[in-house]
Each structure stands twice: as structure tokens, then as C-alpha cells.
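The values are calculated or read from the model by the stated rules, or taken from the named source; none is laboratory data. It should be emphasised that the depicted structure is a prediction, and the values quoted were computed from it without experimental measurement. In this analysis, Cβ positions are derived from the backbone assuming ideal geometry, glycine residues included, and neighbour counts consider all displayed protein chains.
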Amino acid sequence: MTVIDEKDYGTPAVTSDVTVHLEIDGKAISVPAGTSVMRAAAEVDTDIPSLCATDCLESFGSCRLCLVEVEGRRGTPASCTTPAEEGMKVITQSPRLTTLRRGVMDLYLSDHPSPHDGKDDDLPLQDLAKLLGMTESRYGTDGHNHLKSIIDDSNPYFSFDPNKCILCSRCVRACEEVQGTFALTVEGRGFDSQISAGIAGEDFLASDCVSCGACVQACPTDSLLEKNVIEKGKPDHSVITTCAYCGVGCGFKAEVKGGEVVRMTPWKDGQANHGHSCVKGRFAWEYAFHADRITKPMIREKITDPWKAVSWDEAIAYGAKRLKDVQEKYGRKSIGGISSSRCTNEEVYVVQKLVRTGFGNNNIDTCARVCHSPTGYGLNQTFGTSAGTQTFDSVMDADVILVIGANPTEAHPVFGSQMKRRLRQGARLIVIDPRVIDLVKTPHVAAELHLPLKPGTNVAMINALAHVILTEGLEDKAYIKERCEDQAFADWCAFIRDEKNSPEMAEQYTRVVAADVRAAARLYATGGGLDHKGNSAIYYGLGVTEHSQGSTAVMGLANLAMLTGNVGFSGVGVNPLRGQNNVQGSCDMGSFPHELPGYRPVGDEAVRGSFEKDWGLKLDPEPGLRIPGMFDEAVAGQYRGMYIQGEDVAQSDPNTAHVEAALRNLDCLIVQDLFLNETARFAHVFLPGTSFLEKDGTFTNAERRISMVNKVLEPVAGLDEWEITCRLSRAMGYDMHYDTSAEIMDEIARLTPTFAGVSFDKIKRQGSVQWPCNADAPDGTPIMHVDHFVRGKGHFVITEFVPTEEKVTRRFPLILTTGRILSQYNVGAQTRRTENNIWHEEDVLEIHQQDADDRGIRDGDWVNITSRMGETTLKARISDRMQPGVIFTTFHMPKSGANVVTTDNADWATDCPEYKVTAVEVRLTNHQSDWQEEFDHFSEETRHIAE
């Protein structure tokens, strides 16, 4: 089988068992049948001029610049849409073709004002004109565009100048084919034709445009152009790096002019994003230069004292002394640390090393505790490793896609676009979610089945799906016999066949019609195939993990995949959509209190011994405290010092009152971050952190892909973030020292078998590396569990449904669930310091019309949300996305106080909080909550400090 890669030639990649032989300008070439002449020409290093063909768009054939001649045929076909055929003889350059191409270019240039004023020399249009030996149009440059509408500046990040537009339709096609939003169209006919955003009269901001930037990137004339570039000029050099938002891990070129970043352009060779982006990664990066950045270390004696700016040496010495004083008074285990999933692998690694060496205990945890810790536990129990099974590209081979508890188009938008592309090609979609997410209703990709279950009933739903598959004989018997443990499967079968797991019995919990559950089970089990089994893939998010049975649900999904033989090859798998840029990496690097790097237990003497030998001291064999345990012990008075790197626990963690009580009780809190966040209100030492533009290191995305983060600018506070941690370690008495971040990765590889083959050199050479990467897989592992599971045989786990303790009552009759929105990110520390606020400047409460009517609530009213934990106030938005009895809000704005009302219920195995199920009541109000009034006071104080 022959495969030609697509990335440079603007036409779809071709895979075929049939090969054709042809000549191009006298050069012989063999290609798969169906390959375009343009792609075939590129294989013999022959470039054919083109305008409508780009790296990521389907062949279109509209620009008429890629014309060729074919011996024995009349006419001049477009090479991008003409398939190569056996015996074909192609001519790409001739006087006739030059004349035709120059005539076409003449017309394009006439429609583009000032085509050679020096400002547009690097545009694709001008590059092609130069290639054809043209500097101006014989028709002049007035064209017809002067009749078009005025410049559209409505979008905060880019401008649309229709007067420069040549109607090549590349922007329209990019919106359709790459992003899948269909926001742009060509309106009108003839000389009245123009690009339109949405319906007639709408501007970009009012349209369905999601500001991904695909249209801007595709534009060959600067008709669509970033405002930053218009203001500051085009960049003079670029640095390849990795986005610091979600777990997709998009590659970008950070483009710089005069030492200032002016643009982030998605890298076409980015192996997670293939040149695509979302509004956050493409445009929302200027938080790195926001006036709120703290650039000098600060200290204070009491949290009521004003901050005092000091030198690095003084701040670190002061923090270390306070931590030592705590240990002297309360014992070695009275302090600990929290690492950040926004930081690099190398930065996270040195934090856990600091805690285990300089602090002398295992009180280290990470924000994965409150998001995907059930993923690590559940997949380890069933498959033997704590990570997803596939590459993102694997979705292009899926025939049925099951999305449960995830909202890819909002939370992982670049992967969401790739998923939509596969759905437009014919894959079938099942969505299991309490809300009507975009994938349920979006034209061209709408879900075939939507199962709107009641929050908190995931396990009942998953068991019901398994019950149907098993009782109807749809399981993959051969796969199970070969790949899975016999006794565990037999025990699980006895459990799952029980009628209590049937869709009819589950309906009392899930509120989903049993017939729909049966239809979904059959579709997933068969992969949509009639005469043969298709590929079925599972994608899940925090709507699965952030429950009291989060780990149980993950194991249930793994059971489904094994039951149907959907693990170990492309197009299938169990795929967690990780929330933060390095949440996978922060877990990999040993940030859990019971595990050293590589998910190896601290209690294992041999494992611990390898680290003791390398680090030169004895390590504590006892697991340390998890984040909830740290807070509980702080409130109890036994845990008194904490070092928090890049996490805002006072905003992000549940039961805010409890978290704040714990932080107030600390004798020493050191916060390391970009901004004075909510947690810093309780800090005694503030250490300025670094943005992703100031880092050297690596991030690991949701597909286990380790990618480089290359320093674009020097740290504004003067120190690399890993060096800050090393200095604190030395001040605590352990001599931790590295000259470069590459040395840290070398140590990780030396001590961790999973990463034994990883190095900066290898990552740079390959573009990225997916772990495991070692002697058994020297180039990495794109797909896990190919021939056997990491643990040997797959392990079916009994997943008994246990209803959550958080139940609706007469006092609290509604269920509150939380999630994210496209334009904002997590606690908003980054995005709310950008122009993204134009789309989402405040969190709102989505509520069904029926629930609103019952309470006399109208759209836009202020409402009070009360739970047994506390209360907050939001504006109501009546939404048809909601089902009666369920309300929803995001948690991006600190003043919203979403976690003031969330409970301390947590996953039974990992203590991951149950953010997705909180019993509440909603009432009309005309004043904010007491907590919000207190927040306003602290917010004003923080603003003055930043100024």
C-alpha cells in the first residue's frame, strides 16, 4: 500500500493499493491511484503555481493558476483536481500556460489595490505575481472592490477589509473545511459579490464566527489581517512553541518584531493541531504582558499587612525560614506543596523533588486531583496505564463516536473541529450529556442520539449500555478471549447481566428513555456496521470524572471498550480530553503523594531506592496528603505551611469557605504565579512566575504527546521558574541545581522507564514524542495496548452504581452542574485579561424556561443560588440547552463564586471533587451575596497592589 502525505500540496492525502505511473515534465513518477497531478508533481520537486490550494483545504480548482497540459488531450485542466492516470504525460510549464496564468493573475491584481507598494511583498498573491514575472496589472488597480462595504473592525483581534478581497473563497472554505463553523459565505453575484459573515448585514462579531483565525491564515491578500500586525508591522522572526491553554497542545509559531510578540500563528507541522487553532491559542496570549503581572518578589508578615517588594534572595530566604520554623514547631510533615498543570514537565518535576527532598515528605499534589485523577486510577486498574489510548488523529478512522461528559467544541475546540470533520465524512455520533451541547444540534454534524441523563447517573447509564451489549450477544468474543482476564470477565458478566443494570431499570435514575439507551448500545457495539463491525471510539471529559463515582465511570467506559474489542488500533479507544495544557504531564512527573515519577509507588523499596541513589538522601516511604487532606489538616491545625505553584485553589477548588479557612490557618503560604490571584490574598510570600512565552521545557498533552515549549522572551521577573524552585530547595537545605531545563529532562529520563528515550534533542528532531518512549518503543507510542494491554490482560472491573449523597430536596430542588465556555479558560486568570471578555464578561446561570417560570424569573434577572455550603448571585439566562431540574454555570470569573456553593463530596477512590452535582435552590434577588461583597473589597486591594 502506498501513501502520500498531504501536508504541503493542498489536496487530500491518498491511500491506495493501486499504483499508477506517469511523467511530469519528462520525470517518471509512481503514485497511488487518485492522487492529484499537483501532488504528483510535488513528489518530483516540481511546483505548480496555485492560489486556491492551501496546506489544509480540499482541492477546489477555482483560481485557474494551476493549469497544466496533458499530452493527447485538449484543454488545460486544473492540476489540483485532475487525478493522475496510468501513462499520463503532463507538462507544467509552456508558453501557452504562462500566457494563461498571466492573464488570470492580471485580473486578480486588478481587484487588489496597491499590489506592489512594498507592504504586501510577502503575500501569497504577490509571491505568485513575482513568479509569473508581473509587478502590476495592465488593467490598473481600481478594480471593482471600491464599490464594496467599509472595513469590518468588529472583531477584537482581526480586521476585514473587503476592498483588498479578490473573492478567492479561501476564507469561506477554511471556515467550512478546517473549523467546521460555516460562518462565512460569498454573497451576491458578479461585481456585487462579496464575502459575508453570516446573514446579510451582520459583522464578524455578530455572526457565528468563533474567531479561530482559520480565515485570517488562509487569506492571500491581507483582506483579513490581525490588528496587532496592522498596528505594529509584520514580524521579522518566529519561535516554535506549544500553546498553554487546553490539553490539545497545539503547536504555534510565536512571531516577533523588535523583541515584541506580534502574532501567534498555528504551526502547520504541529502534530496535535496540523496548523489549526482556536480563539484562545491564536489570539488570547497578551495576558503575558498585562499590567497586572507581578514582576518582583513580595513578602509580608501577616496577611493583613501590605506587601513589600524585595529581592529574589530576600524573598526566598524569608519563605524558607518560615517553612523551617513551621517544621520545627509542628513536625516534618506539617508542610507541603501543590504543583501546576500550567507549568512545564521540568518545572513540575523540580517542585515534587523539592517537597520530597527539601521538605522531607510526600505532601505533594497537583490540580489533576480536582479534574482527571479518576482517569489515572480507572485506566490503570483496567488497562495498566494512567493515560488515554490514542492519538487525536485516530478519530479520523472512527465510524461511531461516543462523547460522554465532554464538550469538545467549547473546551477542546481544535480537536472538536477535527471530530466535526470526521462526522461530516459520515461517522455517527452519540452524545451523553445533561445539556444540549453544540454537537447535539450543530448542522452537518448533529448527534444521531442524545441521551440527556440526570447529573450523577453516569455509572447507571454505562452499566445499562454494557447490559444491552452483553445480553444481545453484541460483545466481541474473540477479542475478549484473547486479550482479557477470564475470571474477571466472568465475574463482571454475572454482575452486568443482572436486570438491575437494564436500561429499563436504569431509567428511574438516568431519566433517559430505555429505547434510546438500547439504540446507543447497539450503535456503539457494532460501530454502525451492517455486514461488518466498524470502529467505535469513546471521548470523555470532566462530566465523567468530577463525580463521587468518577473512577467507577472511567472503569465502566474501559469495560465497554474491552467488551466490544475497541482498544489497540486506530479509530477506537478510551480517550480522556484533558483540561489543562500539562495536566497529563503534571501527573506523569510524580505530583501525586503516593507516586514517584512514572506512576511508581513511593512505598516500593526498589523504586524509591533508585531515586535515593540519584538524589543522595533517604526518602519518606509513606504517602503524603492529598489536596483535600491538606485543607482538612490545616483547618485542624496540624498542617501549617504550603508552597503553591501556579494554582488558584481559592477559586478553583470546591467549598470555598472551607478552602479559605484552611489558607487563613497557615503560618506560611508561598504563592508562585503570574498575578495576585485569589489564593494570594492569604499568602505571606509571592514569587513571580513565568508565562509560556518565557519558558524552556515541555508540555504533555492529552494524547501523551511531549512537545517543546521554546523561550520566546526572557522572563520578565528575571528568573526561570524551575530555577526559583531550585533556589528555594537550596534555602531549605537540599542542593538542587541545574544549568538548563534540558538537564532536568535528562534526569527524568534517567530515573523513569516510561521516558527513558526522551530528550530535548529527540523531541526537536521528531517534532514531538508520545510516551512510552524507551528501548521497546524508541520513537514513542502513538497508540497504546496494540497487541496486549500494559498490564498484560485487560481487567474487567465490577462497577456497582451508587447514587451520590448529594440529593435534591424540597429545600434544594435543583441540580447545579458546572463547565466551560469557548472564549474563557478555567479560573480566567489568563483569558479575562484579554479581549476575550467581549464574548463572556461574566458567568451566568443557564436555566430551563419551566424552572424559571416556576420562580418568576425572566432572562437577565439577578438570582441567588443557595446550597448547603453557601450562596452566590448570578444573572439568569433562560436556555433551551437545559433540561428541567438542572441548571448550569461556568466558573471563569472569580466574583461569580461558583465554588462557594459546590460541596465537599468527592470520588471514592481519588478525592476528585463532585463539581457536577450540587443540590441548590434559585430565587430572585436584588443584591449580591455576602461573599461577593467581601470579594469586592479584596479585589480593589489587589488592583492597587498591581498598580
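I'd like to know if segment 608-619 contains one or more residues that are charged (D, E, K, R), under 23 Å from His737 (Cα atoms) and part of a loop (DSSP other than H, G, I, E, B).
yes
Looking at (1) outside the structural domain of Pro597 (by TED's automatic domain parsing); (2) assigned to a strand (DSSP E or B), can you tell me which one Gly336 breaks?
(1)
Here's the yes/no breakdown for (1) outside the structural domain of Thr385 (by TED's automatic domain parsing); (2) buried (at least 18 other Cβ atoms within 10 Å of the Cβ); (3) out of contact with any His (no Cβ under 7 Å at 6 or more places or on another chain); (4) not hydrophobic (A, V, I, L, M, F, W, C):
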position: Gln770; (1), (2), (3), (4): yes, yes, yes, yes
position: Thr781; (1), (2), (3), (4): yes, yes, yes, yes
position: His785; (1), (2), (3), (4): yes, yes, yes, yes
position: Phe789; (1), (2), (3), (4): yes, yes, yes, no
position: Ile798; (1), (2), (3), (4): yes, no, yes, no
position: Phe801; (1), (2), (3), (4): yes, yes, yes, no
position: Glu805; (1), (2), (3), (4): yes, no, yes, yes
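Find the residue count for segment 203-231, including only residues that are surrounded by 22 or more Cβ atoms within 10 Å (Cβ to Cβ), more than 25 Å from the chain's Cα centre (by Cα) and of a type in the set (A, V, I, L, M).
1
Residue check, Asp854 against (1) among the charged types (D, E, K, R); (2) in contact with a Gly (Cβ under 7 Å, 6 or more places away or on another chain); (3) over 29 Å from Asn155 (Cβ atoms), all met but one. Which one?
Here Asp854 meets the rest and fails (2).
Find the helices (runs of 4 or more DSSP H) located wholly in segment 156-247 whose residues include 3 or more that are in contact with a helix residue (DSSP H, G or I) (Cβ under 8 Å, 6 or more places away or on another chain), and list them.
In segment 156-247, 170-173, 214-218 are the helices (runs of 4 or more DSSP H) which contain 3 or more residues that are in contact with a helix residue (DSSP H, G or I) (Cβ under 8 Å, 6 or more places away or on another chain).
Please name all residue pairs, on different chains or six or more residues apart, with Cβ atoms under 7 Å, provided the first residue is in segment 602-620 and is surrounded by 19 or more Cβ atoms within 10 Å (Cβ to Cβ) and the second residue is part of a helix (DSSP H, G or I) and of a type outside the set (Lys, Arg).
Pairs found: Phe611/Leu751.
Within segment 460-479, take every residue that is in a loop (DSSP other than H, G, I, E, B) and touching a residue at least 60 places away in the same chain (Cβ under 8 Å) and give me the one that is nearest to Gly565 (Cα to Cα).
So, considering only residues that are in a loop (DSSP other than H, G, I, E, B) and touching a residue at least 60 places away in the same chain (Cβ under 8 Å), the one nearest to Gly565 (Cα to Cα) is Asp476.
Given segment 1-72, what strands (runs of 3 or more DSSP E) lie entirely inside it while holding 3 or more residues that are modelled with pLDDT under 85?
In segment 1-72, 2-4, 14-16 are the strands (runs of 3 or more DSSP E) which contain 3 or more residues that are modelled with pLDDT under 85.
Only residues that are surrounded by fewer than 16 Cβ atoms within 10 Å (Cβ to Cβ) and at pLDDT 95 or above: list them for segment 512-529, please.
Of everything in segment 512-529, those that are surrounded by fewer than 16 Cβ atoms within 10 Å (Cβ to Cβ) and at pLDDT 95 or above turn out to be Val513, Ala515, Arg522.
Condition (residue is touching a residue at least 24 places away in the same chain (Cβ under 8 Å), under 18 Å from Glu660 (Cβ atoms), not acidic (Asp, Glu) and not in a loop (DSSP other than H, G, I, E, B)) applied to segment 886-894: is it met by at least one residue?
Yes, some residue in segment 886-894 is touching a residue at least 24 places away in the same chain (Cβ under 8 Å), under 18 Å from Glu660 (Cβ atoms), not acidic (Asp, Glu) and not in a loop (DSSP other than H, G, I, E, B).
For segment 749-759: of the residues being in contact (Cβ under 8 Å) with a residue 60 or more places away in the chain and assigned to a helix (DSSP H, G or I), which is surrounded by the most Cβ atoms within 10 Å (Cβ to Cβ)?
Once the filter is applied, the top-ranked residue is Phe755.
Identify, please: which residue in segment 713-732 is acidic (Asp, Glu) and part of a loop (DSSP other than H, G, I, E, B) and is, among those, farthest from Lys324 (Cα to Cα)?
Top of the filtered list is Glu714.
Would you mind telling me which numbered condition in (1) surrounded by fewer than 21 Cβ atoms within 10 Å (Cβ to Cβ); (2) touching a strand residue (DSSP E or B) at 6+ places or on another chain (Cβ under 8 Å) Gly646 fails?
(1)
For segment 636-644, state whether one or more residues are assigned by TED's automatic domain parsing to the domain that holds Asn362, assigned to a helix (DSSP H, G or I) and not aromatic (Phe, Trp, Tyr).
The answer is yes, given that some residue of segment 636-644 is assigned by TED's automatic domain parsing to the domain that holds Asn362, assigned to a helix (DSSP H, G or I) and not aromatic (Phe, Trp, Tyr).
When the residues of segment 869-897 are filtered to those that are over 26 Å from the mean Cα position of the chain (by Cα) and among the basic types (Lys, Arg), which remaining residue is farthest from Asp653 (Cα to Cα)?
Only one residue tops the list, namely Arg877.
Would you call Met745 aliphatic (A, V, I, L, M) and in a loop (DSSP other than H, G, I, E, B)?
Spelling it out, it is not the case that Met745 is aliphatic (A, V, I, L, M) and in a loop (DSSP other than H, G, I, E, B).
Scanning segment 701-718 for residues that are farther than 28 Å from Tyr599 by Cα and surrounded by fewer than 21 Cβ atoms within 10 Å (Cβ to Cβ), which turns out farthest from the chain's Cα centre (by Cα)?
Gly718
Are any of the residues in segment 764-774 over 28 Å from Gly609 (Cβ atoms), part of a loop (DSSP other than H, G, I, E, B) and of a type in the set (S, T, N, Q)?
Within segment 764-774, one or more residues are over 28 Å from Gly609 (Cβ atoms), part of a loop (DSSP other than H, G, I, E, B) and of a type in the set (S, T, N, Q).
Give the residues of segment 32-73 that are of a type in the set (A, V, I, L, M) and free of Cβ contacts under 8 Å to residues at least 40 places away in the same chain, sorted by residue number.
The answer is Ala42, Val44, Leu67, Val68, Val70.
Going through Gln390, Gln418, Gln487, Gln381 one at a time, which residue ends up being free of Cβ contacts under 8 Å to residues at least 12 places away in the same chain and assigned by TED's automatic domain parsing to the domain that holds Val513?
Result: Gln487 is the single residue among Gln390, Gln418, Gln487, Gln381 that is free of Cβ contacts under 8 Å to residues at least 12 places away in the same chain and assigned by TED's automatic domain parsing to the domain that holds Val513.
List the residue pairs whose Cβ atoms are under 8 Å apart, where the first residue sits in segment 307-330 and is in contact (Cβ under 8 Å) with a residue 24 or more places away in the chain, the second is of a type in the set (A, V, I, L, M) and in a loop (DSSP other than H, G, I, E, B), and the two are 6 or more positions apart or on different chains.
Short answer, once both residue conditions are applied: Trp312/Leu719; Tyr318/Val310.
If you scan segment 553-595, which residues turn out to be outside any loop (DSSP other than H, G, I, E, B), among the β-branched types (Val, Ile, Thr) and within 19 Å of Ile432 (Cβ to Cβ)?
The answer is Val554, Val574.
Does at least one position in segment 232-244 carry a residue that is crowded, with 24+ Cβ neighbours inside 10 Å and under 23 Å from Ile838 (Cβ atoms)?
Yes - at least one qualifying residue is present in segment 232-244.
For segment 825-840, check the following and say yes or no: at least one residue is hydroxyl-bearing (Ser, Thr, Tyr) and under 18 Å from the mean Cα position of the chain (by Cα).
Yes, segment 825-840 has at least one match.
For segment 655-712, which positions are in a loop (DSSP other than H, G, I, E, B), of a type outside the set (A, V, I, L, M, F, W, C) and within 22 Å of Tyr915 (Cβ to Cβ)?
Within segment 655-712, Asn655, Asn677, Glu678 meet the criteria.
What residue, of Thr265, Thr304, Thr295, is surrounded by fewer than 16 Cβ atoms within 10 Å (Cβ to Cβ), touching a strand residue (DSSP E or B) at 6+ places or on another chain (Cβ under 6 Å) and outside any helix (DSSP H, G or I)?
That would be Thr295, the only listed residue that is surrounded by fewer than 16 Cβ atoms within 10 Å (Cβ to Cβ), touching a strand residue (DSSP E or B) at 6+ places or on another chain (Cβ under 6 Å) and outside any helix (DSSP H, G or I).
Identify all residues within segment 866-906 that are out of contact with any Phe, Trp or Tyr (no Cβ under 7 Å at 6 or more places or on another chain) and of a type in the set (Gly, Ala, Ser); write none if there are none.
Ala876, Ser879, Gly885, Ser896, Ala906, listed by residue number.
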